[in-house]
Amino acid sequence: MFAFRTLNRFASLPVLVFLFLASSAVSAVERKADLIVVHKQQRIMNLLSGGDLIRQYRIALGFDPHGPKRREGDGRTPEGAYRIDWRNPNSAFHLSLHIDYPRQADMSAAGPPLDPGGDIMIHGLPNGFNADQIGHPALDWTNGCIAVSDAQIEEIWHLVDDGTAILILAQ
């Protein structure tokens, strides 16, 4: 009788472990990012929450990604500290999150009469195309944006709120 009671007690242990792990997984999925960090040279974008890495994505950048963005059409992705300021559910690139570029410093760096550009986004693939058709993420193909797959932008869309800080680093 003792062995049966002991076995029943330990038989519930895997159930308890499963429930604990399942609840941890659910809470990890529900954690919102409070910081996005883009490493241009490594082509990596990290989502962080409270300093913890919650997601990491391989990205594609502007077609000439080296150095900070200076003017419209230069194919560069900006560098610096920005925020996500609005989102477009009807984007030509599946979904998109707008980055509040240009700021005053960006406009000054472009210098008159140059236009520093705008409409810098984190977005998915062009509607009607798949990753293989455009070489994503191996090729830098945007006009200065940060591109991920459609499945990834759907995940990011739910994990990142408007107002979230984004730090775009050269390295």
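The values are calculated or read from the model by the stated rules, or taken from the named source; none is laboratory data. Computed from a prediction, not measured in an experiment: that's the story for all the values here. Here Cβ is always computed from backbone atoms with ideal geometry, including for glycine, and neighbour counts include all displayed protein chains.
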Kindly list the number of the only condition in (1) touching a His at 6+ places or on another chain (Cβ under 9 Å); (2) hydrophobic (A, V, I, L, M, F, W, C); (3) more than 17 Å from Leu167 (Cβ to Cβ) that fails for Ala110.
-> (1)
Sort out which residues of segment 35-63 are among the acidic types (Asp, Glu) and either on the phi > 0 side of the Ramachandran plot or touching a residue at least 40 places away in the same chain (Cβ under 8 Å) (or both), and write them in order of number.
-> none
With respect to Gly124, determine if the residue is in contact (Cβ under 8 Å) with a residue 24 or more places away in the chain and touching a Leu at 6+ places or on another chain (Cβ under 6 Å).
-> yes
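Within segment 95-106, track down each residue that is closer than 15 Å to Glu79 by Cβ and not in a strand (DSSP E or B).
Step one: of segment 95-106, the residues closer than 15 Å to Glu79 by Cβ are 99-103, 105-106.
Correct list: Asp100, Tyr101, Pro102, Arg103, Ala105, Asp106.
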Test set (1) surrounded by 12 or more Cβ atoms within 10 Å (Cβ to Cβ); (2) on the phi < 0 side of the Ramachandran plot; (3) at pLDDT below 95 - Ser108 fails condition number = (1)
Specify the residue that is farthest from Trp157 (Cα to Cα); the eligible residues are those in segment 27-52 that are more than 12 Å from the chain's Cα centre (by Cα) and hydrophobic (A, V, I, L, M, F, W, C).
-> Ala28
Just for segment 122-171: of the residues that are more than 13 Å from the chain's Cα centre (by Cα) and among the β-branched types (Val, Ile, Thr), which one is surrounded by the most Cβ atoms within 10 Å (Cβ to Cβ)?
-> Thr142
Any chance segment 147-166 includes a residue that's in the same structural domain as Arg58 (by TED's automatic domain parsing) and in contact with a Pro (Cβ under 6 Å, 6 or more places away or on another chain)?
-> no
Just checking, which of Gly73, Gly80, Gly62, Gly50 is of a type in the set (Gly, Ala, Ser), more than 24 Å from Asp162 (Cβ to Cβ) and assigned by TED's automatic domain parsing to the domain that holds His136?
-> Gly73
Restricting to segment 131-162, what's the tally of residues that are out of contact with any strand residue (DSSP E or B) (no Cβ under 6 Å at 6 or more places or on another chain) and part of a strand (DSSP E or B)?
-> 1
Flag if Leu61 is at pLDDT below 95 and not polar (S, T, N, Q) | no
So, of the residues in segment 70-94 that are of a type in the set (Gly, Ala, Ser) and not in a loop (DSSP other than H, G, I, E, B), which turns out to be nearest to Leu47 (Cα to Cα)?
-> Ala81
